[in-house]
Amino acid sequence: MENSKNLEVFQAKIDAEIKIEPKDWMPDEYRQHLIRQMSQHAHSEVIGMQPEGNWITRSPSLRARKILMAKVQDEGGHGLYLYCATETLGVTREQLIQWLHEGKAKYASVFNYPSPTWADMGAIGWLVDGAAIVNQVSLQRTSYGPYSRAMVRICKEESFHQRQGYEIMATLMEGTAEQKKMAQEAFERWWWPSLMMFGPHDGDSPRSSNAMKWKIKRETNDDLRQQFIDKTIPQAELIGLKIPDANYKLLENGSYETSDIDWDEFWNVIKGNGPCNTQRIKQHAAAHDNGQWVREAAIAYNEKKEQQLKSA
Ligand code: FAQ
């Protein structure tokens, strides 16, 4: 009886666009759904530092290096807000990291692809951050308060990232034949993985039904993917990049029709068989182990401060 009343109040709040806050009653399924999605989102931000971190020491100018360093640091910051927001649901950071290392938690499939040239920095910023923004602008209206507020800040930073990526691509497209080729090849490497970021087609997305009912997700995978395609194709054409899809066409309604994604590739990467899955987790686990002394030092410092405050 008590539970059904709680459930009624919970759904009424969702329907009235009132945010659910950490201390509010919520059904366990809602809590678990959020823990999964938010922690996977956090892991994606942090694992996403790897393909770009790879280029910090090899950036072509001091300006480019400063910008890339700031961007990679921002992604780490996004991971931190999202881990903190997830912790408000009663799960510890240690547990979340353990699930990642054990392969129980996913992260965005796109980060399992390599970044062999400087142009990949352009393609990642423009396309991967571009896709992330489309998804995250929608998530600003998600029903869980801490997630929604984290998204507002993250989106502001992601727009800088998207622009710095597009600037790199535009600069290369004004350069030598070799630079243009480099930009085109990076575009071809990241186009399809970026479209995959939005997840399976709506009919093949088992999580969507609850996510929409609880307003965790506000738009479906396919709707968000289409928004990204419609924004990005004109940007590519403006700087002279060729869309790596022989069948794409502009429809009368201003939207683009494209070929279907290679879903076998998508599921294969998600299962751990992408080009860089093993390397990404190994590097994360090593960095985590190497950082153990920092966590211990921070805890010891806090304990000492607390003791000093108590005895003052
Ligand atoms: N990769 O039923 P659905 C960024 C999984 S942030 C891996 O449709 P849902 C910033 C899905 O988890 C990018 N797995 O699931 C940056 C589920 O498996 P599970 C991250 C995927 O949750 C830029 C199963 O497939 N953004 O890039 C993917 O309703 C540059 C069935 O799927 C977010 O995480 C995928 N692409 O929809 C950083 C946004 N797609 O968990 C550095 C928040 C699906 O049941 C550099 N998340 N799966 O075992 C979301 O919006 C949703 O979770 C979706 C998936 C749309 C990703």
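Scanning the range 187-199 turns up at least one residue that is over 23 Å from Val137 (Cβ atoms), open to solvent by 60 Å² or more (accessible area, probe 1.4 Å) and modelled with pLDDT of 95 or more. Among the residues of the range 240-254, some residue qualifies, meaning at least one is polar (S, T, N, Q), surrounded by fewer than 16 Cβ atoms within 10 Å (Cβ to Cβ) and more than 16 Å from the ligand (Cβ to nearest atom).
Evaluating Glu75 against the criteria (1) more than 27 Å from Gln162 (Cα to Cα); (2) within 12 Å of the ligand (Cβ to nearest atom) leaves one unmet condition, (1).
Counting the residues of the range 212-226 that are among the hydrophobic types (A, V, I, L, M, F, W, C) and open to solvent by 40 Å² or more (accessible area, probe 1.4 Å) gives 1.
Answer yes or no as to whether Gly272 is free of Cβ contacts under 8 Å to residues at least 12 places away in the same chain and either surrounded by 15 or more Cβ atoms within 10 Å (Cβ to Cβ) or within 12 Å of the ligand (Cβ to nearest atom) (or both). Considered against the rule, which asks whether it is free of Cβ contacts under 8 Å to residues at least 12 places away in the same chain and either surrounded by 15 or more Cβ atoms within 10 Å (Cβ to Cβ) or within 12 Å of the ligand (Cβ to nearest atom) (or both), Gly272 comes out as no.
Do we find a residue being more than 20 Å from the chain's Cα centre (by Cα) and surrounded by 22 or more Cβ atoms within 10 Å (Cβ to Cβ) anywhere in the range 35-49? No, the range 35-49 contains no residue that is more than 20 Å from the chain's Cα centre (by Cα) and surrounded by 22 or more Cβ atoms within 10 Å (Cβ to Cβ). Elements of the type helices (runs of 4 or more DSSP H) sitting completely within the range 4-119 and holding at least 1 residues that are farther than 16 Å from Tyr147 by Cα and free of Cβ contacts under 8 Å to residues at least 12 places away in the same chain: these cover 28-47, 62-87, 93-101.
The values are calculated or read from the model by the stated rules, or taken from the named source; none is laboratory data. Small disclaimer: the values here were computed from a predicted structure and weren't measured. Every residue, glycine among them, receives a Cβ derived from its backbone with ideal geometry; neighbour counts consider all protein chains shown. In case anyone asks, the SASA skips ligands and DNA or RNA and just uses the protein heavy atoms, side chains included. Shrake-Rupley method; radii C 1.70, N 1.55, O 1.52, S 1.80 Å.
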